[in-house]
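Structure record follows, encoded as structure tokens.
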Amino acid sequence: MSGAGQRENIFPTRMALTNTKQRLKGAQTGHSLLAKKRDALTTRFRAILKKVDEAKRKMGRVMQLASFSLAEVTYATGDISYLVREQAKAASFKVKAKQENVSGVVLPAFEVDRVAGSDFNLTGLGRGGQQVLKAKEVYAKAVETLVELASLQTAFMILDEVIRATNRRVNAIEHVVIPRLENTIKYITSELDEMDREEFFRLKKVQAKKKRDAQAEDARRAALPIADEISPPTQEIAADDSPGDLLNSKDEDVIF
Amino acid sequence: MASTSFKDRNLLAVIGDEDTVTGLLLAGIGNVDKQKRNFLVVDSKTSVSTIEAAFEEYTERKDIAILLINQHVAEKIRPLVDKYNQAFPALLEIPSKDHPYDPSKDSVLKRVQKLFGD
């Protein structure tokens, strides 16, 4: 019974039993907490998954729109890509990361952080300035969508990883730690029971021996007073009477 | 978990064709700093190794929060993209003008599909 399954290698004592029981309780509490965490994360994960899917599809449309407005710019002003590329200096469109906490998991979320005012020098784009501005706005909107999507995706990646880790832990506790502790408790209990029985048997044995000894003593005691009762008169008799009786009383003494 | 020091990541980077890059630069994501750009224009003459080098550089830089890459460009370095699984910078495959978006090729959507599948 104690050999079945894995168990901790500890000495079977009552203290170890108490400790192991406490650990089992702790493991069970931990298991239920982790299971709850996993459920919360999975709920969140499903929601994000859905949003990611939607956002990816939305992104396709938004980017199409943006490309179209850029085509309008090209039509109105000619190719400006070289100019735009050369004028890029410091980013005016940045993102800011903020944290969000979902049951102990830090999920970053990106926020658009636009520097107000245009640092683009649009000189040289005499014609179609309006189209350029419009394209700029459309692209800014598109990038906002992209940023939103990126934060969803990051959350998705992190949650995925965390859920895996949590699952591993839940399974490890459920299938390894708890059975092992239970086995240990079984082992300790059986060993303690065994020791109890041995102790009981030993006590019984000692008691039986004591009883036997006591009985022997009693028997001896019972025999002794008779001898005592018999011998003093004999001694007296011996003292009083003839020395021939002395031999008899001496014979009595020899018994001891 | 790669969530360390995402506070100072605040730039976007882009690898894409001319139109995509131009549009995104118009929106103002461009950042040039000591000859280090955060955008790469890919055309038919750009070699795969250049794209790979740029991809490696942008994914290793500490100030980039989101890396945008055109899907047809991502196709060229697909093994690298599929292997990439860090949270930061977030990798986003975007459609381009000439290449409509195909959700079945996206490495993230593939994972989504797999998760929904089982």
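The values are calculated or read from the model by the stated rules, or taken from the named source; none is laboratory data. Bear in mind that the values here come from a model prediction, so they are computed numbers and not experimental data. Note: ideal-geometry Cβ built from the backbone for every residue, glycine included; neighbour counts use all protein chains shown. The accessibility values were calculated without ligands, DNA or RNA, using every heavy atom of the protein model including side chains. Shrake-Rupley method; radii C 1.70, N 1.55, O 1.52, S 1.80 Å.
Some points to look at:
- Cross-link reach list, lysines versus A:LYS186, counting only Cα pairs under 24 Å and skipping chain neighbours closer than eight places: A:LYS21, A:LYS25
- Between amide H atoms placed 1.01 Å from N, distances below 5 Å from A:VAL112 occur with A:LYS96, all of them 5 or more places distant or on a separate chain.
- Accessible area buried at the B-A interface, both sides summed, 1.4 Å probe (Å², nearest 100): 4500 Å²
- Computed per residue of chain B from DSSP H runs no shorter than four, each worth -39500 (n - 2.57), the mean residue ellipticity at 222 nm is -11000 deg cm²/dmol.
- For the range A:28-167, size of Cβ-based charge dipole, Lys and Arg +1, Asp and Glu -1, in debye: 380 debye
- Dipole of the range A:28-167 computed with +1 at Lys/Arg Cβ and -1 at Asp/Glu Cβ about the Cα centre; of A:THR77, A:THR154, A:VAL115, farthest Cα towards the positive end is A:THR154.
- Figure note: A:HIS31, A:HIS175, B:HIS99 ranked by solvent-accessible area, largest first, 1.4 Å probe, ligands and nucleic acids not counted: A:HIS175, B:HIS99, A:HIS31.
- Reach of B:LYS114 by Cα under 17 Å, taken over lysines that are not fewer than 8 positions away in the same chain: A:LYS50, A:LYS51, A:LYS56, B:LYS83, B:LYS105
- The gain in end-to-end length when the A:GLN64 to A:ASP39 segment is fully stretched comes to 5.2 nm, 0.36 nm per residue minus the alpha carbon separation.
- Long-range amide H partners of B:LEU40 with built H, under 5 Å: B:VAL14, B:ILE15, B:GLY16
- The range A:28-167, Rg to Rh (Cα coordinates; Rh as Kirkwood inverse mean 1/r): 1.16
- Net charge in the neighbourhood of B:THR20 (other residues with Cβ under 14 Å of its Cβ; Lys, Arg +1, Asp, Glu -1) is -4.
- Cα coordinate range in the range A:145-197, projected on the principal axes (Å, largest first): 75, 10, 7
- Candidate lysines for bridging to A:LYS89, where Cα separation is under 18 Å - those fewer than 8 sequence places away on the same chain excluded: A:LYS136, B:LYS34, B:LYS36
- Test item: A:150-162 mean partner chain Cβ contacts at 10 Å: 5
- Exposed loop sites here mean trypsin sites (Lys or Arg not before Pro) with a DSSP loop assignment and at most 14 other beta-carbon atoms within 10 Å; chain B contains its longest site-free run at B:63-118.
- Farthest toward the positive end of the dipole of the range A:28-167, out of A:VAL143, A:GLY30, A:VAL105, is the Cα of A:GLY30, where the dipole comes from beta carbon charges about the Cα centre.
- Cα extents for chain B along the principal axes, largest to smallest and rounded to whole angstrom: 48, 37, 27.
- The magnitude of the dipole of chain B, with charges of +1 and -1 set on the Cβ of Lys/Arg and Asp/Glu and taken from the Cα centre, is near 320 debye.
- The range A:1-62-the range A:179-219 distance, computed between alpha-carbon centres (Å): 43 Å
- Carbon and sulfur %, accessible surface of chain B computed with the full protein complex present, 1.4 Å: 50 percent
- Charged neighbours of A:GLU8, selected by a Cβ distance under 15 Å, balance to +3 (K, R count +1; D, E count -1).
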